[in-house]
Amino acid sequence: MVIGSVADAASERSDPVSPGKIVFVNGVGLGPKQLVRNQAKDGQFGTGAGGTVVSFNGIAAPILSASDTQVEAIVPYAIASRRLRSQNVR
């Protein structure tokens, strides 16, 4: 797996992440070969899609979709009071 960039989903720029922001994680080997879209349950998205999990400072992020080359995730609100130290995809 190789992470190439993390970008704001709206502007497609690599701006700093902030709680609640939807981001694209671009790279290779990030998730399943075919696109998997997560379905909201009771108004919330799960933190995994197609075996892919994204975390910020160890906090799992809700996943909107995942594929081999791109994951769309929501930066968790729980990082609001913390400085971002790490972003991980597994």
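The values are calculated or read from the model by the stated rules, or taken from the named source; none is laboratory data. For clarity, every value in this text was computed on a predicted model and none was experimentally measured. Backbone-built Cβ (ideal geometry, glycine too); neighbour counts: all protein chains shown.
Quick look at the numbers
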read-out	value
Qualifying residues in the stretch 67-90 (those that are over 21 Å from R37 (Cα atoms) and of a type in the set (S, T, Y)) - the one modelled with the highest pLDDT	Y77
Residue ranges of strands (runs of 3 or more DSSP E) in the stretch 1-68 with at least 3 members out of contact with any Leu (no Cβ under 9 Å at 6 or more places or on another chain)	2-8, 22-28
Those residues of the stretch 10-31 which are basic (K, R) and closer than 17 Å to A66 by Cα, in sequence order	K21
Yes/no for A80 being on the phi < 0 side of the Ramachandran plot and touching a residue at least 60 places away in the same chain (Cβ under 8 Å)	yes
Residue count, the stretch 9-47 (criterion: of a type outside the set (A, V, I, L, M, F, W, C), free of Cβ contacts under 8 Å to residues at least 24 places away in the same chain and surrounded by fewer than 17 Cβ atoms within 10 Å (Cβ to Cβ))	11
Where G50 falls short, out of the listed (1) at negative phi; (2) surrounded by 13 or more Cβ atoms within 10 Å (Cβ to Cβ)	(1)
Test: residue in the stretch 68-77 that is aromatic (F, W, Y) and under 12 Å from the mean Cα position of the chain (by Cα)	no
